[in-house]
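Let me begin by presenting the structure, written as structure tokens, before commenting on it.
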Amino acid sequence: GFSQGLLGSALFFLLIDLMGPTRRGIAVGLGECTIYVSTALINILAGKLATEYGYRPVPFYVATAFSIIGLVSTYPLQDTLALVQVEQSNSEKLDHDMRMKYARMASIQPSVLDEERELLKKDTFESWAMSTEGSTLMSYRTGPDENGKVSFRFPDDEATLNENDDDSIAERDPPLKTLMRLIVENPNYTSLCFAGLVMNFKDGFAWGSFPVFFSHEHMLSDSHTDMLVALYPLCWGFAQAFTGALSDHFGRKLFLVAGTASCAIACALYAVPGILWGAQGDYRHVGVWIFCDVLLGLGTALAYPALQAGAADEVDPVNRGLALGFYRFVRDFGYVIGALVCGSLQDAVGYEWTFIFVALVMTVALLFMALVYKPTFDPHDFESVHMNMQASPPFGSLRDPDVSSSASRRRRRPEYVNKYSDSL
């Protein structure tokens, strides 16, 4: 468990850093695909080894050999902290350029300036602040002149801007405070953590119950049991290679909602054969369970990469390790809760009703994804906006001023910019 906590987290930190902000879904999808396809294949190998040589010691020799190969493979790895610093610098420059764009848009609207002058009730060289969520950009208003005109004077360089910015991005909160702000103030991050916990709650039940459910509860043969146990992670693993990449282009929410809905339906369907046709398993049972395995695997593949990539979207690059580490802690704690709760429940009410209970829990996660999770950051748009701002002239148009580098420092478009942006 300690090895998995260190290795699994570090692996995804490295992959996300290497792939950059526009390909987080690909990074997570490829990593998860490799892990779970390997898990499914080694499950088959372990079963064959145990059948031929017994449970000890040959399977443990093979496992130890894999561990040594993994340790050797870490030797050529290089750290990615330099990439994180570059990404953080780019995101900070994006924030700075956006705030300057807002200020320039406001400065060329005479009616807006007159409204501000009336609001502040001041006539000479004044300080004006463009309100944002959690930060201010200071510029200085002069006037009115002899013609009654009011104008703004803006800082000439980034150094002046940062001197006047009370929430300068160079000043960061301590890690614990950042994490508490994410949990308390960011419903997107909180809902992603909850959905991740529910996903692994389902798996904590499935990993422990599937072999007993198929072989003992419904008396299937060993070959049918092995096939049904391996089919779910195979579908899950292979599909993640594609679903993670697709979430980079079509957004996280579509995949999160579709994935949790598919898992809820699949969990409910597992109970149907036993209720309709009794405990003795036959071809009808196996046919329904094959469909359930595929649906559960595809549903998990839709949601799993999008969950972790979505959590990475919600934080600055320099805080990504902290946020993803906590997300993975909450998510994987679902294994513990699922195994304990569902193990006790199946002893009390049976496997079929336990599957229905898990389906209801998945439905709660579906409601969270559909109603609470409202992504305001898209990695694809991040790259487009950043390239647009680098290529456009100082007074050029901004493709989407609402996009920001993170939810922990999210800026909203002021109402007066909203009001006049179309005419600009």
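The table for this structure:
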item: Residue list for the stretch 338-375, filter: of a type in the set (Val, Ile, Thr) and open to solvent by less than 40 Å² (accessible area, probe 1.4 Å); result: Thr354, Val358, Val361
item: Check on Gly20, in contact (Cβ under 8 Å) with a residue 40 or more places away in the chain and farther than 16 Å from Val318 by Cβ; result: no
item: Test: residue in the stretch 220-230 that is outside any helix (DSSP H, G or I) and open to solvent by 30 Å² or more (accessible area, probe 1.4 Å); result: yes
item: Residue check, Leu295 farther than 15 Å from Ser9 by Cβ, open to solvent by 10 Å² or more (accessible area, probe 1.4 Å) and free of Cβ contacts under 8 Å to residues at least 60 places away in the same chain; result: yes
item: In the stretch 319-334, the residues that are more than 22 Å from Tyr36 (Cα to Cα) and either open to solvent by less than 10 Å² (accessible area, probe 1.4 Å) or not small (Gly, Ala, Ser) (or both); result: Asn319, Arg320, Leu322, Ala323
item: Residue within the stretch 42-53 that is closer than 29 Å to Ala82 by Cβ and open to solvent by 70 Å² or more (accessible area, probe 1.4 Å) present; result: no
item: Residue list for the stretch 315-373, filter: of a type in the set (Gly, Ala, Ser), under 30 Å from Leu7 (Cα atoms) and out of contact with any Ser or Thr (no Cβ under 7 Å at 6 or more places or on another chain); result: Gly321, Ala323, Gly334, Gly338, Ala339, Gly343
item: Count of residues meeting criterion [open to solvent by 70 Å² or more (accessible area, probe 1.4 Å) and among the hydrophobic types (A, V, I, L, M, F, W, C)] in the stretch 1-41; result: 6
item: Qualifying residue in the stretch 253-262 (condition: within 28 Å of the chain's Cα centre (by Cα), free of Cβ contacts under 8 Å to residues at least 40 places away in the same chain and surrounded by fewer than 18 Cβ atoms within 10 Å (Cβ to Cβ)); result: yes
item: Residue within the stretch 302-318 that is open to solvent by 30 Å² or more (accessible area, probe 1.4 Å) and at pLDDT 95 or above present; result: yes
item: The lone exception for Val417 - which of (1) modelled with pLDDT under 90; (2) in a helix (DSSP H, G or I); (3) within 29 Å of Ala27 (Cβ to Cβ); (4) open to solvent by less than 40 Å² (accessible area, probe 1.4 Å) it fails; result: (3)
item: Subset of the stretch 198-219 (residues that are surrounded by 22 or more Cβ atoms within 10 Å (Cβ to Cβ) and among the aliphatic types (A, V, I, L, M)); result: Val198, Met199, Ala206
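The values are calculated or read from the model by the stated rules, or taken from the named source; none is laboratory data. All of these numbers come straight from a predicted model, not from anything done at the bench. All Cβ positions, even for glycine, are placed from backbone atoms using ideal geometry, and neighbour counts span all protein chains on display. With ligands, DNA and RNA removed, areas are computed over all heavy atoms of the protein, side chains included. Shrake-Rupley method; radii C 1.70, N 1.55, O 1.52, S 1.80 Å.
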